[in-house]
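Undergrad: After the structure tokens below, expect a handful of questions from me.
The values are calculated or read from the model by the stated rules, or taken from the named source; none is laboratory data. Computed from a predicted structure; not experimentally measured. Using ideal geometry, Cβ is built from the backbone for each residue, glycine included, and neighbour counts are taken over all protein chains shown.
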Amino acid sequence: MNFRRKSLILAILVPTLAFQCFAQPVITNFTPASGSIGTTVTINGTGFSASAANNLVTFGGIKANILSAYKPLSVTTGGLTLPK
């Protein structure tokens, strides 16, 4: 007997996942070292986004309202200013 083989080719489409990884920010200093509720805190370090909306800061698990974020053009570190 002569059997003819038929091949079936299946195209399997695997969705491509696109994602971005960001390094964790590194805090180099912050001021003031202590304060009461409502004290404005300034955090300096590296790895922060220059856009305030792209940064997340919490104190005791409570999300802080970020007033501004900046990255000086001549320096590789940046900072965040948090509200009182």
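Undergrad: Of ILE37, ILE66, ILE62, which residue is surrounded by 10 or more Cβ atoms within 10 Å (Cβ to Cβ), modelled with pLDDT of 60 or more and not aromatic (Phe, Trp, Tyr)?
TA: Going through ILE37, ILE66, ILE62 in turn, just one is surrounded by 10 or more Cβ atoms within 10 Å (Cβ to Cβ), modelled with pLDDT of 60 or more and not aromatic (Phe, Trp, Tyr): ILE66.
Undergrad: Could you tell me which numbered condition THR28 fails, if it satisfies all but one of (1) part of a loop (DSSP other than H, G, I, E, B); (2) at pLDDT 90 or above?
TA: (1)
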